[in-house]
Amino acid sequence: NVPEDQSDKLLLASWGLPKGVLEKYHSLGVVQMFDWQAECLMLGHVLEGKNLIYSAPTSAGKTLVAELLILKRVLETRKKALLILPFVSVAKEKKCYLQ
């Protein structure tokens with residue numbers, strides 16, 4: 001669980017994402033994360049590029065964690081990222097979503 005004094009970490013706006021990115025997430029109804037998603041982002045040095053392996057059921061929100069990690073790294077380092085998705089339909093959806 002996210003400590004009570006860090007409950008603001010549940011809000012997407014707390015992760016230093018640009019206004020345009022936040023607006024896109026908000027337009028899709030995504031304003032905050034689940035506790036476990038914020039926990040993943042706060043583990044060790046994950047935000048600094050260290051590895052993260054996590055498991056959750058289908059439709060639990062795993063992709064949001066990956067997206068936030070990728071977006072932060074790309075925006076902070078100005079380097080490219082490779083996102084591999086399991087299905088063509090998901091890849092097409094994310095392509096439109098991330099543009």
Positive end of the charge dipole of the chain (Lys, Arg +1 and Asp, Glu -1 on Cβ, about the Cα centre): tell me which of Gln37, Ser55, Tyr97 has its Cα farthest that way. Tyr97
Three-way shape label, segment 15-74, alpha-carbon gyration tensor, a/c 1.5: oblate
Can you give the helix-only mean residue ellipticity at 222 nm for the chain, where every DSSP H stretch with n ≥ 4 adds -39500 (n - 2.57) and the sum goes over all residues, rounded to the nearest 500 deg cm²/dmol? -13500 deg cm²/dmol
Lysines whose Cα lies under 25 Å from that of Lys24, excluding same-chain neighbours fewer than 8 positions away: Lys9, Lys62, Lys72, Lys79, Lys80, Lys92, Lys94, Lys95
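How much accessible area per residue does segment 1-62 have, in Å², with a 1.4 Å probe? Intermediate values should be presented prior to the final figure.
Numbers: 4170 Å² over 62 residues.
Averaged over the residues of segment 1-62, the accessible area is 67 Å².
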Express the carbon and sulfur contribution to the solvent-accessible surface of the chain as a percent, rounded to the nearest whole number, probe 1.4 angstrom. 56 percent
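The values are calculated or read from the model by the stated rules, or taken from the named source; none is laboratory data. The structure displayed is predicted, hence computed values, not measured ones. Virtual Cβ from ideal backbone geometry, glycine too; neighbours counted across all protein chains shown. Ligands, DNA and RNA are excluded from the accessible area calculation, which covers all protein heavy atoms including side chains. Shrake-Rupley method; radii C 1.70, N 1.55, O 1.52, S 1.80 Å.
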